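Worksheet: the structure to be examined is printed underneath.
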Amino acid sequence: GSMTLFAVITIILGCLKIGYFVGFSECLSATEGVFPVTHTAHTLVQVYFLWGHAKDIIQSFKTLERFGVIHSVFTNLLLWTNGVLNESKHQLNEHKERLITLGFGNITIALDDHTPPCNCSPPTLCSAISHGIYYLYPFNIEYQILASMMLYVLWKNVGRKVDGQQHQNVRFKFRGVVAGSVLGLSVLATTIGVVVVYLIQIGHSKTNSESALIMFYLYAIAVLMLTGAAGLLGVCIYRMDERSLDESRSPARKLDADLLVGTASGSWLISWGSLLAILCAEACPPYTWFNLPYSVLVIAEKYIQNLFIIESIHREPERLSEDIRTLRVVTVCNGNAVSLSFSRLKSGAVAGDVASPGSETTPCAAHGNVGLREGSGREGDEGSREGTPGPACLPHFLQGDGKRRVLKNIAAFLFLCNISLWIPPAFGCRPEYDNGLEEIVFGFEPWIIVVNLAMPFSIFYRMHAAASLFEVYCKI
């Protein structure tokens with residue numbers, strides 16, 4: 001669904017590019033008009049293919065299929081690189097203007113607006129199209145990488161032998177997550193306001209730019225502390241309640257975990273660079289000190305969130321709270337069989353309930369024929385749970401449905417927070433560009449290369465984490 005949404009916006013981007021080509025047709029090559037048409041056709045065919053065949057496991061013509069699918073993967077990665085490059089040109093030009101406004105006079109770089117050397121008619125429409133193109137590039141970038149992921153999983157599944165185990169279908173249910181949703185929506189609304197104010201204030205004057213940077217850092221620190229605390233609570237709940245892990249082979253799940261760790265390294269690289277710049281700089285403007293806790297929290301928050309997501313996707317779905325278990329105790333008292341049935345017994349309370357009827361029937365000799373029947377479980381589940389700490393290890397409010405409710409609220413809150421943290425860098429609110437201190441310490445070109453390489457991974461991490469958290473929410 002998210003891939004289709006981004007694909008629609010990619011098609012809109014292609015239409016704007018066609019309009020841009022028509023406006024500057026006098027001085028642009030014909031390939032500038034052919035490319036968006038071809039890209040739009042490729043996007044439509046690819047989305048149709050993935051909707052119908054993303055879950056297929058191909059068993060015939062395997063060599064040909066592997067070649068075709070991996071070729072599609074690298075085609076999407078090439079288009080992703082092209083999108084990143086085009087967006088970086090626009091961001092770099094804005095970055096130069098903001099540095100001049102902040103008073104970093106020792107950074108002297110000529111401005112380049114990357115416009116063709118001819119006039120466009122009408123000028124107002126051409127200007128609107130040019131700005132619209134760069135605001136839609138983040139969606140195009142996300143689409144290319146999502147399509148690459150799905151095609152990669154399809155490639156890994158070519159010729160795969162499927163085990164007989166059928167996985168349960170996950171369903172989205174919006175119940176019992178009011179607290180997490182309200183808090184997450186509040187963060188999302190605040191994010192939109194902060195981004196609007198930041199984009200209005202930054203670059204207009206030195207005072208306004210410094211105020212915008214301080215506002216962004218304070219907001220980001222508060223959000224990162226909340227998300228880090230929520231993720232840490234979720235990890236603690238999982239560690240206290242040791243459910244069995246799902247060890248079945250799943251290329252999609254392994255790719256999810258690898259991408260979470262791999263793409264997080266982008267923001268970790270930027271954060272470590274900012275920390276070194278703050279510590280090594282001879283003089284720091286006041287607003288740069290807010291970058292110190294911000295950079296530390298970025299590293300810690302992503303580490304904690306990755307732990308929570310990976311713990312969640314490797315856990316077996318919890319069914320104990322919904323199962324009806326019947327414990328049947330058969331005793332013999334003076335030759336007469338007495339049958340006692342207890343319904344809705346939890347696994348943690350079985351031992352205590354067995355002992356109580358025994359104490360009440362002391363004259364009777366209790367035989368060890370105790371049967372535990374699970375309505376929807378598998379054979380041998382009881383044996384696999386022996387020796388595993390039960391729900392009694394958790395506090396009372398985290399037992400049964402209470403634990404699931406808390407985890408669902410955490411997943412819903414983190415889902416909305418990751419969307420909130422995706423919005424600022426995707427739409428031009430990037431203090432890594434606007435701070436200015438790193439350019440003085442490392443030099444303009446080295447730092448810009450680092451940011452341009454790492455920032456796309458950081459943006460993708462937030463969207464991929466949001467998708468993984470939605471899956472976690474449906475699975476809990």
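Derived scalar couplings between HN and Hα for the stretch 127-137 equal 5, 5, 5, 4, 5, x, 4, 6, 6, 9, 4 Hz in order, rounded to whole Hz, by the Karplus curve 6.51 cos²θ - 1.76 cosθ + 1.60 (θ = phi - 60°), x for Gly and Pro. Highest mean packing comes first when the peptides 406-416, 146-156, 125-135, 52-62 are listed by Cβ atoms within 10 Å, giving 406-416, 146-156, 125-135, 52-62. May I ask you to list the lysines whose Cα is less than 28 Å away from that of Lys62, ignoring any residue fewer than eight positions away on the same chain? List returned: Lys156, Lys161, Lys254.
Toward the positive end of the charge dipole of the stretch 15-90, with +1 on the Cβ of Lys and Arg and -1 on the Cβ of Asp and Glu, the farthest Cα among Gly19, Val84, Phe49 is that of Phe49. Within a straight-line Cα-Cα reach of under 17 Å, Lys408 can be paired with the following lysines, leaving aside sequence neighbours fewer than 8 residues apart in one chain: Lys173, Lys475. Short-range pairs are left out: with C-alpha atoms under 8 Å and at least six residues apart, the relative contact order of the stretch 1-160 is 48 percent. The calculated FRET efficiency for Ile9 paired with Ala283, based on their beta-carbon distance and R0 = 45 Å, is about 0.55. Ignoring any ligand, DNA or RNA, what whole percent of the accessible area of the stretch 1-160 comes from carbon and sulfur when the probe is 1.4 angstrom? Accessible surface attributable to carbon and sulfur in the stretch 1-160 totals 67 percent.
Annotation: amide H of Arg315 within the under-5 Å range of Asp246, sequence separation 5 or more or interchain, hydrogens built in the peptide plane. Between His131 and Met225, the FRET efficiency from the beta-carbon distance, with R0 = 25 Å, is close to 0.15. The stretch 13-87 and the stretch 267-319 have Cα centres lying 34 Å from one another. Listed by chain and number, the lysines whose C-alpha is less than 17 Å from the C-alpha of Lys89, apart from same-chain residues fewer than 8 away, are Lys17.
The values are calculated or read from the model by the stated rules, or taken from the named source; none is laboratory data. Not measured: the values here are computed from a predicted model. With ideal geometry, Cβ positions are generated from the backbone for all residues, glycine too; neighbour counts draw on all protein chains shown. The accessibility values were calculated without ligands, DNA or RNA, using every heavy atom of the protein model including side chains. Shrake-Rupley method; radii C 1.70, N 1.55, O 1.52, S 1.80 Å.
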